[in-house]
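Here the structure comes first, spelled out in structure tokens, and everything after it is commentary.
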Amino acid sequence: MKTAASPASLIDVRNLGKTFPAGSRLGFGKQTGGVRAVDGATFTIAPGETLALVGESGCGKSTLGRLLLRLIEPTEGEVLLEGNNLVDLPAARMRAMRAQVQMIFQDPYGSLSPRRSIAQIVAEPLEVFGLVRSARERRERVAELLTQVGLSPTFMDRYPRQFSGGQRQRIGIARAISVNPKFIVADEPVSALDVSVQAQIVNLLQDLKQQRNFSYLFIAHDLSVVRHIADRVAVMYLGRIVEIGPKKAVYGSPSHPYTQALLSAVLEPDPDAAKTRIILKGDVPNPAKVPSGCSFHTRCPIAQPVCKIERPPLAETTQGHFAACHFAAPNPIPVPPAGSGTLTPATASV
């Protein structure tokens, strides 16, 4: 059976899931409920590839990113880095493995210690993993890293409060690349920045990828940003990946109704370009009470009775392009007659 996997993968994620405890406790501390934040995520990331993960706020994107690095412990599933299952590694081995997997955080203000100088912040991973042997070597390495991210080495003795948001994010990037990792999770790295600065940071990440052959999981909700950096795109809804494939396929021929709605909200540079807007009815369901069957059926404009009962698998629609929809699978259930489902011309937002 084919999956959304590639044989030449750096990261191989298999049925990864996370349930956070919720609800009341009954006798002996037994939990009566839980929030299924990530449900059965399965995908791969090849060496030097950027996989963008998109979806509405609260759909589980950041949780999934943290699960890959074991910043949050998964409830089930596997995360393989070059065949090594990170989920099963004991603490000492996982600590050593962290030199190969790093993270760029969303908030450039909260992710840097205000009490430490830039030199101390950037040099910390170098010292933790024993990559520098003297104070002189440490400063030389920090100067080199700051130059690579577009900052002056003369900044190294300053503190985070003395920098703008874009400059702080560059410092966070310098810290992440300091140990020359193979894989980086970039958790909405430009969402807190001005639009003019966003392009600079995206270009910097692309340049670093070309220079060092990094692999990225680029988490975002802005589909216009994703279009410029991604090789493949994965779309997430209520903790599940509902579509994944090459960027051109997902943007050009989206298979899942949710992806179609998201893309219909992306502004086009040509004001005269004709575009049908799709508005989704209702609100995102409570993640503690995910609907049965296809979790999107409560908002889907073409939902049918089968969607309430059967959960569609992530199946290949075209080569390398997968969608979890009964009407997008290789042998889909016949699409109902016109009029049984509607697409409403309107506006939508991610």
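Projected label points at residue 207 and residue 140, each 7 Å from Cα along the beta carbon direction, are separated by 2.4 nanometres. Each DSSP beta bridge with both residues in the stretch 159-249 is either parallel or antiparallel, and the antiparallel ones are about 55%. Peptides 137-143, 211-217 ranked from most to least packed give 211-217, 137-143, packing being the mean of other C-beta atoms within 10 angstrom over each peptide's residues.
Enumerate the residues in the stretch 195-226 having an amide nitrogen under 18 Å from the point lying 7 Å beyond the Cα of residue 89 toward its Cβ. Of the residues in the stretch 195-226, 214-217 have backbone N under 18 Å from the label point off residue 89. Take every DSSP beta bridge whose two residues both sit in the chain; close to 60 percent of them are antiparallel.
Pairs exceeding 25 Å between alpha-carbon atoms, taken from 247/308; 61/182; 61/289: 247/308.
In plain terms, the residue of 283, 231, 187, 207 with the fewest other Cβ atoms within 10 Å comes first and the most crowded comes last, giving 283, 207, 231, 187.
Nearest 10 degrees is fine. How inclined is helix 118-128 to the longest principal axis of the chain, computing both from alpha carbons? Relative to the chain, helix 118-128 is tipped by roughly 80 degrees. Once the Cα atoms are used to define both axes, helix 195-212 deviates from the longest principal axis of the chain by about 70 degrees.
Each helix, a run of at least 4 DSSP H residues, gives -39500 (n - 2.57); summed and divided by the residues of the chain, these come to -8000 deg cm²/dmol at 222 nm. What fraction, in whole percent, of alpha-carbon pairs in the stretch 53-170 exceed 24 Å separation? Across the stretch 53-170, Cα pairs with separations above 24 Å total 41 percent. Taken over the stretch 120-171, the alpha-carbon convex hull comes to 73 cubic angstrom per residue.
What angle, in degrees between 0 and 90 and rounded to the nearest 10, separates the Cα long axis of helix 135-148 from the longest principal axis of the Cα atoms of the chain? Roughly 40 degrees, rounded to the nearest 10. Answer rounded, prolate or oblate for the stretch 144-196, using the Cα gyration tensor with square roots of eigenvalues a ≥ b ≥ c: rounded when a/c is under 1.5, else prolate when a/b is larger than b/c, else oblate. Taking the square roots of the gyration eigenvalues as a ≥ b ≥ c, the stretch 144-196 is oblate. Using the average count of surrounding beta-carbon atoms within 10 Å as a protection proxy, the listed peptides 312-320, 101-109, 150-158 rank, highest first, as 101-109, 312-320, 150-158.
At 25 °C and a viscosity of 0.890 mPa s, what translational diffusion coefficient does Stokes-Einstein give for the chain, taking Rh as the Kirkwood radius over Cα pairs? Give it in µm²/s as a whole number.
Approximately 113 µm²/s, per Stokes-Einstein.
Every read-out reported here was derived from the displayed coordinates using simple, explicitly stated rules and does not represent laboratory data. Worth saying up front: this structure is predicted, and the values here are computed from it rather than measured. Here Cβ is always computed from backbone atoms with ideal geometry, including for glycine, and neighbour counts include all displayed protein chains.
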